[in-house]
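Participant: Take this structure first; my questions come after.
The values are calculated or read from the model by the stated rules, or taken from the named source; none is laboratory data. In this text the structure is predicted, and so the values were computed from the model without any measurement. Methodologically, a virtual Cβ is constructed for each residue, glycine included, from the backbone with ideal geometry; neighbour enumeration extends over all protein chains shown. The protein model used for the area step is the full one, side chains on, heavy atoms only, and it has no ligands, DNA or RNA in it. Shrake-Rupley method; radii C 1.70, N 1.55, O 1.52, S 1.80 Å.
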Amino acid sequence: MVRSGVGEEQPDAIGATYHQYRNQLLGLATLLSGSRAVAEEVVQDVFAAAIPRWDVIDNHEWYLKRSVVNRVRSLGRRATRAKHAPRLPDGVTGEPLVDETWRLLRGLPARQRTVLVLRIHLD
């Protein structure tokens, strides 16, 4: 996960990685959290936290995906403790099949939802 040795990568490399994985990470975070707004915040937080250690992270894609999953799970635990988990309104897209899928996905316990999203979305 993290390699030893410190060197500094160009900011262009960080930007290129951000543009390469941003949409995929947003999709992952949205499916796990059920909220596009939460997903955007999670992805930004994950990248911001990774930048200071960027040059020692061995596999950026893996590290970022794992960080997104961990961050969403952490937020879910806090929301559960606070008794107000974020929910998407019914009829998110206006397409009955997609909206029904969202409704069913939101109804699953967090761990089951995580497993399904990781399996289907990331294979």
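Participant: Give, in nm to one decimal, the length gained when the segment between residue 106 and residue 19 is fully stretched (0.36 nm per residue of separation minus the Cα-Cα distance).
Facilitator: Value of the extension gain: 28.5 nm.
Participant: Read phi for every residue in segment 45-62 and hand back ³J(HN,Hα) as whole Hz from Karplus 6.51 cos²θ - 1.76 cosθ + 1.60, θ = phi - 60°, with x for Gly and Pro.
Facilitator: Rounded to whole hertz, the list is 4, 5, 5, 4, 6, 7, 4, x, 10, 3, 6, 10, 7, 6, 10, 5, 4, 4.
Participant: Can I ask one more? So what J values fall out for segment 107-118 if you push phi through Karplus, 6.51 cos²θ - 1.76 cosθ + 1.60 with θ = phi - 60°, rounded to Hz, Gly and Pro as x?
Facilitator: So the J values, rounded to whole Hz, are x, 7, x, 3, 5, 5, 4, 4, 4, 5, 5, 5.
Participant: Report the extension gain between residue 98 and residue 48 in nm, rounded to one decimal, defined as 0.36 nm multiplied by the number of residues separating them, less their alpha carbon distance.
Facilitator: Roughly 14.8 nm would be gained on extension.
Participant: Another question about this same structure. With the crude spin-label approximation of a point 7 Å out along Cα→Cβ, what separation in nm comes out for residue 120 versus residue 66?
Facilitator: Placing both labels 7 Å along Cα→Cβ, they lie 2.6 nm apart.
Participant: Simple spin-label model, 7 Å along Cα-to-Cβ: residue 74 to residue 55 in nm?
Facilitator: Label at residue 74, label at residue 55, 2.4 nm between them.
Participant: Given the protein chains as shown and a 1.4 Å probe, how many square angstrom of residue 72 are accessible, to the nearest 10?
Facilitator: 20 Å²
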